[in-house]
Each structure stands twice: as C-alpha cells, then as structure tokens.
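What follows is a short report on a single structure.
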Amino acid sequence: MDTNENNERVSVSNEELLAGVIESEKKAKQEENTENSDKKKKKDKNKTKEVRGTAKKLKHGTMATVLTCVFIALVVLVNVVTTMIFDRYPISIDLTQNKIYSVTDKTEKYVKSIDTDVLVTVFADEETFEGYNSYTKQASELIKNYSKLNHHITYRFVDIDSNPEITKDYETTPTQFEIYFETKADADGKEIKRVKSVGMIDLVKFKDDFLSQITESGMTLELAVQQYGGELNFLYYFGAYVESSNAEQAFTSALMTVTDPNPVYVTLVTGSNELTALTYFQSLLAANGYDVNSIDITSQDIPEETDVIVIPAPRADYTPEDVEKLSAFLNNDGNLGKQMIYVASYGQEETPNLDEFLAEYGISVGEGVICEKDAARYYNEPCTTLVDVVSENFTQDVQSDDPKIMSTLCRPVNVLFDEQGMNVCEAYLTSTSSAYTAQISVSTTTGEIAVGDALSKGAQNYAAMGSKAKFTDDNDTVYSNVLVLGSEALLSDYYLQFNRYQNAEYFVSVLNGMTGKTTIEGLTIQPKSITGNAFDINESQKSRLKWTFCLIVPACVLIVGIIVWVRRKNR
C-alpha cells in the first residue's frame, strides 16, 4: 500500500506536466519581455539624453558661430566707419606741457563762428615745412586744428619750386614757407580776393632785449630782416633770440583780417630811439583782429590804409616835418576819423615839438612821476601804483566791474581844457587825491629807486584823451582822437600778461571804442613757449608703444579668446 501511494505521488499526468511547462515558459517569457522592455526604455532614455545633448551642443555651437560672425562684422563695420571719420576729421592728441599744438578756448570759439570760406595755403612741401623746426611744426598742427574746428577753413601745401604757376594767382609773389589766408567775395558783380600773408617772422616772438637793440640802432624788425636777405636767413642768424611762438596770434589775426569786411590797420611809428617796442601789445592787437605794421617816420610816410598810429615813447623829439605827418594823418583831408596813441616815458628827453602838437588836443605831459601815499595803492615803491579810478568811456569790452590798472614811473598827463570849440579833452585814468608827483633817481648799481620831494599834490591823471570833432552832412559826428599815456609801463609786456590786473582788457576795449571795432569777447591769447617743451617721442617711448600695440594687445586678445573657447567646449 505504501508503494502504491508513492507511485501516485511520483506519477504526474501529461496534461499537468504540459501545463507546468507552459506556465514556466510563459513566466520566463514575461521576465524576458520585462527585461527587454527595461533595456529598451533605458536605451531610449539614453538616446533621448544623447539627442538632447547633441541638440544642446549644436545650439551653443550655432549661437557661438552667430555671435562670432556678428562680432567680426561689427569690428569690420566700426573699422570702416572710424577710418572714414578719421579721414574726414583726423584726430590727434596734444601731449605737450603747454598745449603748443592746441588752440585756446576763446580762439576755438571764434574759429567756430566763421561763416566765410577761407583757404590757407602754405607755400612749401608739407614734410619739409613741418620738419624745418618746432615752430613750423606747431604752425602746421594749428592750421590743421583750425580746419577740424570749422569746415569753412581748408588748407593746402604747395611747393613753389614744383608748382611755379601758382604765384600767378596773387598780386604779390609768395615766397618759400610763406602762409596765405585768403577769401573771395562778390562786390557789384566783381570777385574780390582778400589775402593776408603770414611769414616766418610772424610765427615767433623775439626776446625784448633783442628787439630793443634793433630799435636803438634806429631800425625796425622789418628793415633788419631785409638787410639779412629775408626771413629764413634772419632766423638762421638770430634764431637763438626767439622766445616763444606767435603762431596762434598771427593766424587768428589773419582770419579776422580776411573775414572782417572793415579791418582796422594799426601802424607803429618808430625812428626816434623809442624806449619800448610794445611787443606784447602788438601781439594783443593782432589777436583781437587788428592788422599791425610799423614804419620809420623819419624815412617813410604813414600808409593810407592806417586807422591808428601808435607812438611808443620816443626818446628824442620829432622834427617839424615828422609832426606835420601826424597832423596830416589825423586831419585826414578834413574828414577826421583817425586815431592816435601817444606813449610818454620818464626816460624821454625834452620834446617841445611833440608837446606843442599835443597841446592842440588839450593835453600836456608833466614833470616827475606819479606817487601814492596810501600803502594800499602802491607796491614796493610809491611810484609803482594801482589805478582804480577809471572813466566809463570805452569800457564796453571790459569784463570786470571794477578794473584795476597797474603802472610804474608814470608821468602826469594834464588836461589843459575840457572843451574848446569842437575840441574836447577828458581824463581816462586818475589817481586818488592822496597822490603827488616827484622826481626820482635810480641807482645804477642796485636799481633801487629814491623818491624826491613832492612837486605837486592831489589827484593826477595817468591817461587822457583829446578829441577833434566834425559834423557830417547827414548830421553825424566823426572824431579824430589822441590818447596819451604817461608811461610805457601801462602797455608793458609784464602788466599786459598779469591776469590779476585788467591792463590788456582795458586798453583793447578803449581802442575798440576809438575805432568802432567789434571783437570777440575777452579774446586775449598768451604766447606759448616752445623751446624745450616740444613733444618729440624718443626711442624708448617708440619701443614701448611698438610692443604694446604689436604684441601685448594682440596677446591679451588671444588669451581671452582661448579661455572663452575652452569654457564653451566644456559645457
């Protein structure tokens, strides 16, 4: 019985056995399908990640390429645009200590206001002109700066030797290195060309001692230049006496002359051992648009176009013939309308002929010098005084409401009458009532000044103006005026350049009023010293600039580019 039971347990029917096998295979198949499904999902997932990664890389790569292309296009565009701009408006930087290649703010304001076409012609090859010396280099840069400031101003360099036919365009033949400023205008259907020449001598300012030596020799600077065969030869021999540049004044004056429909001509009268050259005063007038020249009255006539004559402290008296030239000039064939500035000096000899002439205009120059008792009115010496009693006449261009004028060793200018017929006379600069006049003595060894006893007491005049008037047919009044100054110090280089005082501002304003000239407000230009200050790049600076722009800057750009590329690649 046990055997049968065991047999029954061991024995399994075919159906049961088949059902078990099928169930086992089915289970294995399910497991296999599940495993395959998981693998497929995993594979699909990995594939999706791979596709996404590829898309992301493609996106970054495309963006980088686009940005690179845009950047390169912008660089090319900026380069093209800046090149065009620089060609039309070249840019330069003035690194000199005194800004010798730049124009002052007031000159810039004036240049920008010009609305007339001006052609500037430099009669020399550009390279030769700029390489001649530091003054011609500065002059060239200033001309280019003027052109940048105003499109009405153009310039050209013309070599006369290579283009001799160019001289036929001008009434006077230009010389090598001469500079012409010219404008053209139509008047009654006829073209009128206005030309102002600026020579090499006009570009520089000589030392006062040198100019005084020329004056004392009885010559003018122009005559000295002629004796030495021209300006280039003169500068070759006496270039060591050049003190500073006068190019800005010369160019501004030339522009004002050719663009002003009614220029004012000032003639400096020499020939009597003048005690001053008034060099800065001439520069000051030129800067304000006056055309300034000089003559020797003993051998030359006063030019017809002259509007103002200036007599700078003649040591010796004028001859009757010379005085007659002055009278004829001011009378102007009965039309009047002419002006004169007479500068007296403590160092003058007796001048009876000039004294008689001045008396006709109600003025005499007294003895001694003006001194002040009030310590607040003088500096160091009682005869170096501060003037603040200023007539309101012709102060239209004075910026200060309370102008201060400095003077020293000033002779008293006496008013002989206030009014006499058609003549009037009026004080322009006056001392306080505490002033007095006195003789002085100057030590030849120490230069110390000793003031003597008072000659007269009370208010004294430093300057006065006498005028002759005439009524015109249209009920207008014209004047010939004589302004008399008691000392050359009032127009000295030192006081005119001293910004603390208003000597320059005041006397330009008075002259503007006398001539009826309008000028640019406050336009006074200081001469610029060039010697020792010119910016010439040395070899060491050249080397540093070369390696900076040829190696260091490109290397920095390359390193930055590599860093950006590596970072993008590793993302």
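Observations on the structure shown:
- Pairs of lysine residues in the stretch 269-516 that meet both criteria, 8 or more places apart or on different chains and Cα atoms under 16 Å apart, total 4.
- The 3J(HN,Hα) values that the Karplus relation (6.51, -1.76, 1.60; θ = phi - 60°) gives for the stretch 240-254 are, in residue order, 5, 8, 6, 9, 7, 7, 10, 4, 5, 4, 5, 5, 5, 4, 4 Hz. Gly and Pro appear as x.
- Residue-wise HN-Hα coupling along the stretch 393-402, computed from phi with Karplus coefficients 6.51, -1.76, 1.60 (Hz; x: Gly, Pro): 5, 6, 9, 5, 9, 8, 6, 7, 6, 9
- In a DSSP loop and with at most 13 other Cβ atoms within 10 Å, the GluC sites (Glu not before Pro) in the stretch 166-233 are Glu171.
- Peptides ranked, highest mean first, by Cβ atoms within 10 Å: ranges 324-335, 275-286: 275-286, 324-335
- Loop-located GluC sites (Glu not before Pro) in the stretch 434-512 (DSSP state not H, G, I, E or B) with no more than 11 neighbouring Cβ atoms inside 10 Å: Glu448.
- Overall, the anisotropy analysis places the stretch 405-476 in the prolate class: the square-rooted eigenvalues a ≥ b ≥ c of its C-alpha gyration tensor yield a/c not less than 1.5, with a/b exceeding b/c.
- Each of Val195, Val266 has some number of other Cβ atoms within 10 Å of its Cβ, and from fewest to most they run Val195, Val266.
- Counting every alpha-carbon pair across the stretch 190-243, the share separated by more than 19 Å comes to 32%.
- Anisotropy class of the stretch 358-456 from Cα gyration tensor, a/c 1.5 cut: oblate
- Alpha-carbon Debye profile of the stretch 269-516, log10 I(q)/I(0) at 0.11, 0.15, 0.16 Å⁻¹: -0.56, -1.09, -1.25
- Protection proxy ranking, peptides 232-242, 138-148, 158-168, average beta carbon neighbours within 10 Å, highest first: 138-148, 232-242, 158-168
- Amide H partners (placed H, <5 Å) of Val204, local residues excluded: Asn246
- Here the translational diffusion coefficient of the stretch 216-370 follows from Stokes-Einstein with Rh set to the Kirkwood radius across Cα pairs; for 4 °C and 1.567 mPa s it amounts to 76 µm²/s.
- Between the stretch 104-152 and the stretch 339-404, the alpha-carbon center distance in angstrom: 39
- Here, the stretch 298-379 is characterised by an Rg to Rh ratio of 1.06, where Rg is the alpha-carbon radius of gyration and Rh the Kirkwood radius.
- Other residues whose C-beta falls under 12 angstrom from the C-beta of Ser197 contribute a net charge of -4, scoring Lys and Arg +1 and Asp and Glu -1.
No value in this document is a laboratory result; all are computed from the given coordinates. Computed from a prediction, not measured in an experiment: that's the story for all the values here. Because the Cβ atoms are built from the backbone with ideal geometry, glycine has one as well, and the counts that use them run over all protein chains shown.
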